[in-house]
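Novice: I am attaching a structure below and will ask some questions about it afterwards.
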Amino acid sequence: MTDSDKGGMPAWLPRAMFLAVATVIGFAVAGWLFLQLRGLLMLLLVSLFLALALEPAVNWLQQHRWPRGLATGVVMLGALGALVTFLSVLGSMLVGQVLEFAAQIPAMSRALLSWVNTTFNTDFEPELLLAEMTDVSGQLNRWASSAAENAWGAGTALLTLLFNGLAVALFTFYLTADGPRFRRTLCSVLPPRTQREVLRAWEIAVSKTGGYIYSRALLALVSTLAHFAALMVLDVDYAFALALWVGVLSQFIPTVGTYIGGALPVVVALIGGVWPAVWMLVFITVYQQFENYVLQPRITARTLDMHPAVAFGAVLAGAAVLGAPGALLALPAGASLQAFLGVYIRRYEVAGHPLLDGPEEERAARGDADPAGAGEGEGVRTPLGADPPAGAPEHPEGAAEKHEKARET
């Protein structure tokens, strides 16, 4: 008769209790390690996506007989130079504009006070307003003094930012320069079938992340040149800085970036008069339509173009999960995920229904477009699940058949 038959403790219970306690302790330790290393993990995640974005350019240079390490360094220096140029030009514009605005405050205040006195029959005196402004200026000086006292904290934050930037640059360099070796090491601990799937996912991530970033960079360049020409014609101050601001924000911040980027040139043009601001607003609106319907479909024809609503939702989700880095990484991550799902999810033909008819279907019914050939050279977005273009990874079903044949042989 066993112990359980006698009413004692079952033989398996101590072992089950030990496994349960060990599992809880393991999860607790893993959570503690994640909290302690979340800064490092964030740096590694940013570095990984930067490496995915830089790898197509590095591969292109390597194909032209450049050493991979040298190619990686050149591409990283080019990207860093573009970022420093954008920040320096934008910073000089903002400082100059703020100083010019501060110089115009007394004249604007007198004009506003005169309009108020005339319109509302009041008798406010400019001296009182200037006294209030002096009080505000004194308060600002006190805030500046308080900020100066916290210079140690600001210096520490700057050093931390510099250290994180150097760490990201170092990780990005090694992930890009030693990419083939890193992937070989990773695949060496995986079964053959899993190796193929990992390499397929990595290829999609490199292709779509790099293609998305480079297509957006090209669109930003075209937008910058177009807005620079318009600002020069309208004789608006800080033309190059404003054009660069519009070009970058309209392409790398989905949906609302166009309005945020276009608002600043209109406001700056308004300083010179109403009509320059009106013409600037008209040009921004017309160019946006030209970009949406002519430039963007052709430039993004061979990459992945995300729907504006999807891109905006991805940015909000990334910001909610990871903060500012998540917002920056959301677009390439969303592009890679959309391409990955397009390869692995099967799609079926949908029966005709009035609720499914849209502008593309109406044009196809009139014979204005050929949906079957729309994806070839015309820049029409390929729906998820459609046959990938030449050179793209094959569908998992075809890959599975090849795997089975290889296994049989």
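Novice: Restricting attention to the range 191-229, which residues are outside any helix (DSSP H, G or I) and buried (at least 18 other Cβ atoms within 10 Å of the Cβ)? Quick ask: steps written out before the conclusion?
Specialist: In the first step, residues of the range 191-229 are kept if they are outside any helix (DSSP H, G or I); the result is 191.
Answer for the range 191-229, where residues must be outside any helix (DSSP H, G or I) and buried (at least 18 other Cβ atoms within 10 Å of the Cβ): there is none.
Novice: Continuing with this model, one more query. For Leu249, work out the one condition from (1) of a type outside the set (Ser, Thr, Tyr); (2) farther than 21 Å from Leu329 by Cα; (3) assigned to a helix (DSSP H, G or I) it doesn't fulfil.
Specialist: The one condition Leu249 does not meet is (2).
Novice: Picking from Gly326, Gly342, which residue would you name as being in contact (Cβ under 8 Å) with a residue 24 or more places away in the chain and of a type outside the set (Ser, Thr, Tyr)?
Specialist: Just a single option satisfies the conditions, and that option is Gly342.
Novice: Determine whether the range 363-380 contains at least one residue that is within 22 Å of Trp202 (Cβ to Cβ), modelled with pLDDT under 75 and touching an Asp or Glu at 6+ places or on another chain (Cβ under 8 Å). Break it down into steps so the answer makes sense when it comes.
Specialist: Our first condition is that a residue be within 22 Å of Trp202 (Cβ to Cβ); within the range 363-380, this holds for none.
The answer is no; no qualifying residue exists.
Novice: Something else: Restricting attention to the range 293-315, report how many residues are exposed (fewer than 15 other Cβ atoms within 10 Å of the Cβ) and either at positive phi or modelled with pLDDT of 80 or more (or both).
Specialist: So the count comes out to 2.
Novice: Go through the range 216-226 and count every residue that is out of contact with any Leu (no Cβ under 7 Å at 6 or more places or on another chain) and either of a type in the set (Ser, Thr, Tyr) or within 15 Å of Trp279 (Cβ to Cβ) (or both). Don't jump to the end; show me each part of the working.
Specialist: Going through the range 216-226, the residues out of contact with any Leu (no Cβ under 7 Å at 6 or more places or on another chain) turn out to be 216-218, 220-221, 223, 225-226.
Then drop every residue that is not either of a type in the set (Ser, Thr, Tyr) or within 15 Å of Trp279 (Cβ to Cβ) (or both), which leaves 223, 226.
Matching residues across the range 216-226 total 2.
Novice: Separate question: Would you check which residues across the range 251-289 are without any contact (Cβ under 8 Å) to a residue 12 or more places away in the chain, surrounded by 13 or more Cβ atoms within 10 Å (Cβ to Cβ) and more than 15 Å from Leu234 (Cα to Cα) and list them?
Specialist: Gly257, Tyr259, Ile260, Ala263
Novice: Would you check if Arg183 is more than 21 Å from Leu329 (Cα to Cα) and either of a type in the set (Val, Ile, Thr) or touching a residue at least 60 places away in the same chain (Cβ under 8 Å) (or both)? Reasoning before the result, please.
Specialist: Working: more than 21 Å from Leu329 (Cα to Cα): yes; either of a type in the set (Val, Ile, Thr) or touching a residue at least 60 places away in the same chain (Cβ under 8 Å) (or both): no.
Answer is no for this residue.
Novice: Which residue is farthest from the chain's Cα centre (by Cα), if the candidates are limited to the range 180-214 and must be modelled with pLDDT under 85 and small (Gly, Ala, Ser)?
Specialist: Ala201
Novice: Checking Leu219 against (1) free of Cβ contacts under 8 Å to residues at least 60 places away in the same chain; (2) on the phi < 0 side of the Ramachandran plot: exactly one of these is not met. Which one?
Specialist: Tallying (1) free of Cβ contacts under 8 Å to residues at least 60 places away in the same chain; (2) on the phi < 0 side of the Ramachandran plot, Leu219 fails exactly one: (1).
Novice: Being surrounded by 11 or more Cβ atoms within 10 Å (Cβ to Cβ) and part of a helix (DSSP H, G or I) narrows it down to one residue among Leu19, Leu90, Leu77; which is it?
Specialist: On the way: Leu19 fails: surrounded by 11 or more Cβ atoms within 10 Å (Cβ to Cβ); Leu77 fails: surrounded by 11 or more Cβ atoms within 10 Å (Cβ to Cβ).
Of Leu19, Leu90, Leu77, the one residue that is surrounded by 11 or more Cβ atoms within 10 Å (Cβ to Cβ) and part of a helix (DSSP H, G or I) is Leu90.
Novice: Continuing with the same structure: Does the range 28-61 hold any residues that are within 25 Å of the chain's Cα centre (by Cα), among the small types (Gly, Ala, Ser) and surrounded by fewer than 20 Cβ atoms within 10 Å (Cβ to Cβ), and which are they?
Specialist: Once the filter is applied, which keeps residues that are within 25 Å of the chain's Cα centre (by Cα), among the small types (Gly, Ala, Ser) and surrounded by fewer than 20 Cβ atoms within 10 Å (Cβ to Cβ), the range 28-61 yields only Gly39.
The values are calculated or read from the model by the stated rules, or taken from the named source; none is laboratory data. Worth saying up front: this structure is predicted, and the values here are computed from it rather than measured. When we count neighbours, we look across all protein chains shown, and the Cβ atoms used for this are built from the backbone with ideal geometry, even at glycine.
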